[in-house]
1. Give the accessible surface of the chain per residue, rounded to a whole number of Å², with probe radius 1.4 Å and ligands, DNA and RNA excluded.
2. Which distance in nm do the two modelled labels at ILE91 and SER261 give, with both placed 7 Å along the Cα-to-Cβ direction?
3. Is there a quick way to get the dipole size of the chain? I mean about its Cα centre, with the Cβ of Lys and Arg at +1 and of Asp and Glu at -1; what is the value in debye to the nearest 20?
4. Distance from a point 7 Å along Cα→Cβ of ASN280 to each backbone N in segment 247-261: keep the residues under 20 Å and list them by number.
5. Rank ILE57, ILE178, ILE170 by mean-square fluctuation in a GNM of the chain with C-alpha springs under 10 angstrom and give only the top-ranked residue.
6. At R0 = 35 Å, how high is the FRET efficiency between VAL126 and VAL180 if r is their beta carbon distance? Nearest 0.05 is fine.
7. List the residues whose amide H sits under 5 Å from the amide H of ASP31, counting only those 5 or more places along or on another chain, with H placed 1.01 Å from N in the peptide plane.
8. What distance in nm separates the two pseudo spin-label positions at GLU160 and ASP31, each 7 Å out from Cα along the beta-carbon direction?
Amino acid sequence: MNIKALIAITMAIIITFSIAIAAGHNGTVTDAGISVFVIAAIIAIGVNWLAFIPANIMQTERFYDLTGAITYISVMLAASILSSPLDLRAIIVVVLVMIWALRLGSFLFMRIHHAGGDSRFDEIKVKPMRFLTAWTLQGTWVLLTSASALAIITSTQRQEMDIFATIGLIVWIIGFTIEVIADRQKSSFRAKAENKGRFINIGLWSYAQHPNYFGEITLWAGITIMSLPLLSGLQWVTLISPIFVIFLLTKVSGIPTLAASAQKRWSDDKDYQDYKAKTNLLIPMPPRG
C-alpha cells in the first residue's frame, strides 16, 4: 500500500466535497434533498475513477486529457438538467464551458496521440495507487475550476444579464481567443521540420513565454466575474475557481514543469537565454530591452 498516494487521494476527496458542500449549502438547487453542487462533485470524481479502471489495466495515459474534457461536459450537463429551467446567464456559461472543454480536450487528445504518450505518466502509470491519485486529482481539478460556473448554474437566484455578465463574457472571449491562437501557433511551429529542437518565440509567444496559460486563467476569471452578483454566504468559496487555476498553472504542473524542462534542454542556447530574460513569463507584454 502506497501511504503517500492514499493520503493524497483522501485529501483530494476531502477538498472536493468540502468545496461542494460549502458552495451548495444555501441558495442552490437540490435534487432529492442533495445539493446539485455535491452531485457535480460525485460525477467529477466518479467519471475519473471509472476511466481509471481500463487505463490501469492497459497502463495507458492516452485518454487522461480526453477524460478531463468528458468530465467537464458530464458535470455541466448534469448540473444543467437538475437545475433547469436556466436563465440566459446560466445557459451562456454552460455553452462557454462546453466549447472550451471540447476544444481543449480534443486538442490535448490529438497532441498525446501524435506524441505517442505523456512523459509525466511514465513512472506513475505502472504504480496503481499513484496512477489513481492522478485521476482523482483530475476530478478535483474539474470541480474546483468549474466552481464559479456551477455557482451560476445551480443558483436559485435567476437574474437578467447585467454589467457583470457582459464584462465576464468579454473577458472569457479574450482569454479563449488568446489560448486558441497560442495553441495553434505552437502546433504550427512544431509541425515544421526546420523547427525541430527549437523553442517557439513567434506570434503571441514573442510577448509571453506562456500565453496559452494566460488565456486559460483569463477565461476562468471571466466566468467568475459573471457569477459575482449571485454569490452570498458560503458560496463565496467558489472564488477558488480562478485562484486554483492560477496556483495550478504558475506553481504546480504548468509553468514550473515546462520552465525546468526548457532550461535543461536549452541551457546552452544563448538565444533562449536572451528570450527568457527579455520575455514576460505569463502576461503578454512587449519584450524588455
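1. Per-residue value: 49 Å².
2. Roughly 4.1 nm, to one decimal.
3. Details: 23 positive and 17 negative charges, 168 e Å.
I would put it at about 800 debye.
4. 247-251, 254-256, 259
5. Taking springs between Cα atoms under 10 Å, the residue moving most is ILE57.
6. E between VAL126 and VAL180, to the nearest 0.05, is 0.50.
7. Hits under the 5 Å cutoff: VAL36.
8. Between GLU160 and ASP31, the simple spin-label model gives 3.0 nm.
The values are calculated or read from the model by the stated rules, or taken from the named source; none is laboratory data. As the structure is a prediction and not an experimental result, all values here were calculated from the model. Neighbour counts are summed over all protein chains in view; Cβ atoms, including those assigned to glycine, are modelled from backbone coordinates with ideal geometry. We work out accessible area using only protein heavy atoms, side chains counted, and drop any ligands, DNA or RNA first. Shrake-Rupley method; radii C 1.70, N 1.55, O 1.52, S 1.80 Å.
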